[in-house]
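The next block holds one structure in the form of structure tokens; read it before the comments.
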Amino acid sequence: MTSTPTAEPEAGPLPIAALLGAMVSIQIGATFAKGLFPLVGAQGTTALRLVVGALILAAVLRPWRVRPSRAVWPWLLAYGVTLAAMNLMFYAALTTIPLGIAVALEFSGPLLVATFSSRRGVDFAWVALAVAGIVLLSPFVHSRQALDPTGVMLALAAGGCWALYIIIAQKAGPELGGLTTAYGMAIAAVLSLPFGVAEAGPALVAPSILASALVVGLFSSALPLWLEMLALTRMSARLYGTLTCLEPALGALAGFLFLHEILGGLQLAGIAAVVAAAFGAAVTTKPPVPSPE
């Protein structure tokens, strides 16, 4: 996800289906990415995902048509650094904790940015509910499946990077618009590649690995980007924000269906609390924040 709608058009079934399809595609891409971990590791998978995503965006958007000014380059570099760090930490978290939990924990970043942009008491109530959900997902709460503390911390750190990404995107985005994503993804790809090479080495360019990387890039970048652009011009900001609150639940469902990840009752309650907090924030605050996926 790269932008937010600016108008308030009426949404029919097509844009709703497109946005739901984009979110499902992102989670499917994450399940394919997790399948690459035994072959090239989390860092190798991150590098492949960002490189393929950057190539797809370059082919579609052709960012070289517009050269960034000297003033915007520091923000573009910060944008790319944040994007690389977020992906590296999120994929590292997936090596030890289930997909749905990682998505819910990461979602805390944009949720906090959205709610703290308003100073009303109800917004702090949503923050409190999200914090309660995160506590239920913490490794210190007894549950059916104990969580790795390192994985939890990495997912929360990825959420912090997502929050920074949102703030930096507001500085980097006005000059280049949608091309900001293409430049940022290219920078992130270059920064992540040494980590991937260090972990996976020549395996990164094996034909079978590259084929899988194309699938990850398609489902994680190209397809959801196209579907979301279709949706964003045809639905209100409020509906957009409400629907994107389903992402942690979709992550849990994708993990269950494709990765056979079974969650305990407290963990499901934690995900539900994060979803409810995000839903409440979406319907009571300003338009939603952009997602980097």
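The values are calculated or read from the model by the stated rules, or taken from the named source; none is laboratory data. As the structure is a computational prediction, the values presented were derived from the model and not from experiment. All Cβ positions, even for glycine, are placed from backbone atoms using ideal geometry, and neighbour counts span all protein chains on display. Side chains included, ligands, DNA and RNA excluded: accessible areas come from the protein's heavy atoms. Shrake-Rupley method; radii C 1.70, N 1.55, O 1.52, S 1.80 Å.
General remarks:
- On the stretch given as the range 238-263, residues that are modelled with pLDDT of 80 or more and in a helix (DSSP H, G or I) total 13.
- When 186, 169, 222, 182 are screened for being open to solvent by less than 10 Å² (accessible area, probe 1.4 Å) and of a type in the set (Gly, Ala, Ser), only 182 passes.
- Taken over the range 16-58, residues that are under 13 Å from residue 225 (Cα atoms) and open to solvent by 40 Å² or more (accessible area, probe 1.4 Å) amount to 3.
- When we screen 231, 203, 198 for residues that are over 16 Å from the mean Cα position of the chain (by Cα), farther than 13 Å from residue 29 by Cα and buried (at least 22 other Cβ atoms within 10 Å of the Cβ), the only hit is 231.
- Scanning the range 137-191 for residues being over 17 Å from residue 69 (Cα atoms), more than 17 Å from the chain's Cα centre (by Cα) and at pLDDT below 80 gives a total of 11.
- Verdict on residue 37 being among the aromatic types (Phe, Trp, Tyr), modelled with pLDDT of 90 or more and touching a helix residue (DSSP H, G or I) at 6+ places or on another chain (Cβ under 7 Å): yes
- Residue that is of a type in the set (A, V, I, L, M, F, W, C), within 18 Å of the chain's Cα centre (by Cα) and farther than 28 Å from residue 148 by Cβ, where the choices are 83, 57: 57
- Each residue in the range 166-191 was checked for being within 10 Å of residue 80 (Cβ to Cβ) and either aromatic (Phe, Trp, Tyr) or not in a helix (DSSP H, G or I) (or both), and 1 pass.
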